[in-house]
Amino acid sequence: STMRERKTTDPLHSTDPPHSSTDLREGKEKLKLKQEVGLISGVSLIAGTMIGSGIFMSPEWVLHHMGNPASSLLIWAACGLLAMFGALSYAELGTIIKESGGEYIYILRIFGSFPAFLFAYTSVILVRPAGLAAVCLSFAEYAVAPFYPGCSSPQVAIKCTAAACILILTIINCLNVRLATSVMNIFTAAKLLALFVIVVGGLVLLAKGQTQSFQNGFQGTTAGIGTVGVAFYQGLWSYDGWNNLNYVTEELKKPEVTLPRAVMIAIPLVTCLYLLVNVSYLAAMTPSELLSSGAVAVTWGDKVLGSWAWLMSLSVALSTFGSSNGTFFSGGRVCYIAAREGHMPDILSMAHVRCLTPFPALLFTSAMSLIMIISGNFTSIVNFFSFMAWFFYGMTISGLLYLKIKKPELPRSYKVPIIIPIIVLMAAVYLVLAPIIDQPQIEILYIVLFIFSGILFYFPLVRFKYHPRFLQTVTLHLQLLLEVAPTTRDAN
């Protein structure tokens, strides 16, 4: 069938190991994705995706909403703590449900098919492609800027460069998982080096006595509920990616060990770097200079590095490229897992017979991102990305609380104290409701309507399994053209 029927086998309700709903012909070896992601690659996937354009662009907006340097630094620290708590909660979920797919697979196994489909529909069609397109456009702006000194870069050049970035990422991720993880490792090392340069530069400035920005640091603090929530949104955008390893659980080596360890290494590392980088920015610039800067890292480079300022533009370009690779790597897996569970067309659940990568799912994610780059009408959607993300994060964390209370007997190699998911759930509720209550905007209504428009597809295609016959022929021809075959789930 074109939309695959999901079997009732469920790790939460059965002791049998999960199997793929579609296997290869009897007697032949089952096809599955390889376990290629170790601890170093896992840390790189988390840290490399988190460190994107955010730390180079968001500090001015956090400062703008909070009103002073000291409170903005508190927001950055709180965002890091919240990301750490969320990732630790997800680590326990990943040791209970050892399947790829992140929030999608957790919502599916705990709450059932309908809410999981709404998440997959929203994520695959809108959130992941929009986020990828936004990061690639950030890369393109910095990559193109040196060719147009003294003036703004033309939009055609920026969009073509962003599209080329997506196509290169598609080729890398389709060819080999090990190649994609190697790219992540290299670019993560490069961006950590760039942040280290900023940190050292800031420490030198502080040693020279440039501490004016930190005097009367809390003066003029903004304390509105909605304003603080929006400041959190800006900070959390820079931490987005803390949950990326849960999307590729089946491709982890020893996931019960690798997942918690990678989280405990990557997120504290990124949080410390973010705080030190913000301190460095404020040591080099006054708050008013930081607020008026269109690109904080570039302004910092002009003030501190002098003739070597071009290194900052190069660093941001490398950082955003590496981040987009991590976003693409995990985003394609959501599409692949949702198709494997019968919530997307069957062709998207298949893997290349030689490369062993989710080839069709990656191509689909690439195509959706290219459409968003060409149309250019996704900016307002990306601005409300955090609203949608934390709505589903909250649902996932509530599922963990349900399992801890109602099913404590489930085997798990790692347990997080129950207070931690409770704090994350309270934060998720606050982040979803605060901006709506304080300053309601029509775009949020559009987002909610889009989420529930998935009902129009769920009932005929998934619930009642209406599959037009011509789609079976299309699936067969695409299977032959792309050289892909159904996969089996790795039960770990």
Seminar exercise, completed: For Asn243, the lone unmet condition from (1) modelled with pLDDT of 85 or more; (2) over 26 Å from Val432 (Cα atoms) is (2)
For this session: List every residue pair whose Cβ atoms lie under 7 Å apart, where the two residues are 6 or more positions apart in sequence or sit on different chains, the first residue falls within the stretch 265-292 and is assigned to a helix (DSSP H, G or I), and the second residue, located anywhere, is modelled with pLDDT under 90 and of a type in the set (Asp, Glu).
Result: Leu290/Glu60; Leu291/Glu60
For this session: Return yes or no: is Ala339 at pLDDT below 90 and either part of a helix (DSSP H, G or I) or open to solvent by less than 10 Å² (accessible area, probe 1.4 Å) (or both)?
Result: yes
For this session: Might you let me know whether the stretch 70-91 holds any residue that is outside any helix (DSSP H, G or I) and modelled with pLDDT of 90 or more?
Result: no
Exercise. If you take the residues in the stretch 101-155 that are modelled with pLDDT of 85 or more and of a type in the set (S, T, N, Q), which one is most open to solvent (accessible area, probe 1.4 Å)?
Worked result: Ser113
For this session: Would you point out which residue out of Val429, Val448, Val462 is closer than 29 Å to Leu400 by Cα and touching a Ser or Thr at 6+ places or on another chain (Cβ under 9 Å)?
Result: Val462
Problem set entry | Count - residues of the stretch 342-374 that are part of a helix (DSSP H, G or I) and at positive phi | 0
For this session: Quickly run through the stretch 390-441 and pick out the residues that are at pLDDT 90 or above and of a type in the set (Ser, Thr, Tyr).
Result: Tyr393, Thr396, Ser398, Tyr402
For this session: Kindly check whether there is at least one residue in the stretch 206-221 that is surrounded by fewer than 19 Cβ atoms within 10 Å (Cβ to Cβ), more than 16 Å from the chain's Cα centre (by Cα), within 21 Å of Val37 (Cβ to Cβ) and modelled with pLDDT of 75 or more.
Result: no
Seminar exercise, completed: A careful count of residues in the stretch 428-452 that are among the hydroxyl-bearing types (Ser, Thr, Tyr) and in contact (Cβ under 8 Å) with a residue 24 or more places away in the chain gives 1
For this session: Search the stretch 301-336 for residues being at pLDDT 85 or above and among the aromatic types (Phe, Trp, Tyr), and hand back the single one that is most open to solvent (accessible area, probe 1.4 Å).
Result: Phe321
Problem set entry | All positions within the stretch 45-69 that are farther than 24 Å from Trp300 by Cβ and modelled with pLDDT of 85 or more | Ile46
For this session: Being in contact with an Asp or Glu (Cβ under 9 Å, 6 or more places away or on another chain) and crowded, with 17+ Cβ neighbours inside 10 Å is the filter; apply it to the stretch 357-382 and report the residue that is modelled with the lowest pLDDT.
Result: Ile381
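The values are calculated or read from the model by the stated rules, or taken from the named source; none is laboratory data. For clarity, every value in this text was computed on a predicted model and none was experimentally measured. Every residue, glycine among them, receives a Cβ derived from its backbone with ideal geometry; neighbour counts consider all protein chains shown. Quick note on the areas: whole protein, heavy atoms, side chains included, nothing else; ligands and nucleic acids left out. Shrake-Rupley method; radii C 1.70, N 1.55, O 1.52, S 1.80 Å.
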